[in-house]
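The values are calculated or read from the model by the stated rules, or taken from the named source; none is laboratory data. Source: prediction; values computed, not measured. Methodologically, a virtual Cβ is constructed for each residue, glycine included, from the backbone with ideal geometry; neighbour enumeration extends over all protein chains shown. Side chains are part of the model used for accessible areas, which takes the heavy atoms of the whole protein and leaves out ligands, DNA and RNA. Shrake-Rupley method; radii C 1.70, N 1.55, O 1.52, S 1.80 Å.
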Amino acid sequence: MVNVAYVYPWDVVGDPAAAERIAALGVTTVALAASYHSTRAATPFHPAHRVLDVPHSAFYLPVRPEAWGRLTPATPTWTTPDAYLLAQSALRAAGLRVHAWTVLTHNAQLGTAFPHLVVRNAFGDPYPYALCPSAPDVAEYCERLVREVLVAGRPDGLILEGCGPMGFAHQGVHEKTSGAGYDPDLMSLCFCASCAPRYPTDTRTRVRNAIDTDTSTEVRTSLDTDTRPHAAALDTQAHAGTALHTPTALDTQAHVSTALHTPTALDTQAHVSTALHTPTDTRTHARTAGGTPTEPPPHDAPKSLVDAALGPLADEVRAVRVELSASLRHRLITAAREIAPDIPITLHANPDPWATGPFAALPTGDPGADVLVGNCWGNPATDAARLSRLTELRTPGQRVGAYVLALPPHPAHPETLAELLTAYAKAGASEFHLYHAGLASPQRLTAMAQALELTRL
């Protein structure tokens, strides 16, 4: 079993203990962000800060102007311009392989600067965070991004996220702080130049110690669920562009209480167009990156809400949408193979032909990739079925990975997480992609390590 921990460069840069701490999880590989969107991220272990604001999308390798075209990514100001290289060096020194986690079409900084290149809905409303790959400039930018990651970063592997159009739900600045278990009241106390002198002299030290020790929200709650429902919702909603959309309250309860069992009625209704089903169209001729025609789906496959709304137009529109992701995927894989022929390529993918967001539509598979990773952030039964579908689509030698959320609303219980991992392995996953080794509190990080150990027993 291959275990992969997802990490941001700023989790490692400036923290001398980070690489060894991540290696101690029992992972063999780190997915290190080479390009990423805006966010507010918890950094519960970092010696310099506990929250980091990332105001815009950025490229974490040195930006060479001559390597870019009309669209050029921004350089971060919140960490060093070569943060990826520094983090990669530290992680490799700890014995870990480093794969470049490359976010493609999710870029509000470029979308705001070039509004004519973004996704627009049927009413003409723009989604500034969503570059549309149908635009030649966007497709060229994605190719240049992949080339620069491989040339300048020289990673051990390439992970492609957002390899297709983004959608309505997966939006701009993402809240990624709930997994740290911070107490909201403690984190809200102000120590600005005006407020700090008003407190007793040891106030700041006491607050810092309380946040970093067992008085945190993570430990104080009996079920280890976040006492602030809105915090967990913010974190899960931030990733709702996965064709699962925002988890419902009922879905969240199912995670905490059963971890594995059957989907609820509410979950089933919300996922009519799930990754489990193929379209009813028998005339679709959308092609994979390799040019293989789509196999006709079973006649009894349920229609999605999109299919029902489009009626007789559904077949043609679906074919256009599938081809949009397939053509970009083919272009990027081809470019990657030219530069690094033997590098393993991982696709964040969804077999739902209507999928948008970080897990792009892949209804017929793609032989050009080495690993197909499915999202496992929603109802466990639905997630497992999605993995089963990806397993059916894989080619000989191709692997399937499970992108597992180890943050709220999941409890930080190693047995519960191990149960999920076991179920996903039974569904066909031979890789566990754990989200996220930098955002997790000490308790959650310990639960990850113990869960991985339990799955090896």
Order by accessible surface, 1.4 Å probe, largest leading, for residues Tyr127, Tyr8, Tyr199 comes to Tyr199, Tyr127, Tyr8
In whole Å, largest first, the alpha carbons of the range 41-133 cover along the principal axes 50, 33, 23
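Going by accessible area, probe 1.4 Å, with all protein chains left in place, what is the ranking of Phe59, Phe114, Phe168, Phe45, largest first? Walk me through the numbers on the way to the answer.
Numbers: Phe59 0, Phe114 40, Phe168 150, Phe45 60 Å².
The ordering from most to least exposed comes out as Phe168, Phe45, Phe114, Phe59.
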Rounded to the nearest Å, the spacing of the alpha-carbon centers of the range 52-103 and the range 398-457 is 26
The answer for the net charge of residues other than Thr29 whose Cβ lies under 14 angstrom from its Cβ, with Lys and Arg +1 and Asp and Glu -1, is 0
Expected unfolding gain across Ala74-His49 under the 0.36 nm per residue rule, minus the alpha-carbon gap, is 6.7 nm
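Leaving ligands, DNA and RNA out of it, rank Asp342, Asp315 by accessible area with a 1.4 Å probe, largest first. Before the final figure, lay out the partial values.
Working: Asp342 145, Asp315 35 Å².
Largest accessible area first, the residues go Asp342, Asp315.
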Between Thr446 and Phe168, the two model label points (7 Å from Cα along the beta-carbon direction) sit apart by a distance in nm of 4.3
Residue span Glu415 to Arg40: 0.36 nm per residue of separation minus Cα-Cα distance leaves a gain in nm of 132.1 nm
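Which order, highest average first, do 316-324, 202-210, 48-56 follow once you tally other Cβ atoms within 10 Å for each residue and take the mean per peptide? Display every interim value, and only then the final one.
Working: 316-324: 18.3, 202-210: 12.3, 48-56: 15.6.
My ranking of the peptides, most packed first, is 316-324, 48-56, 202-210.
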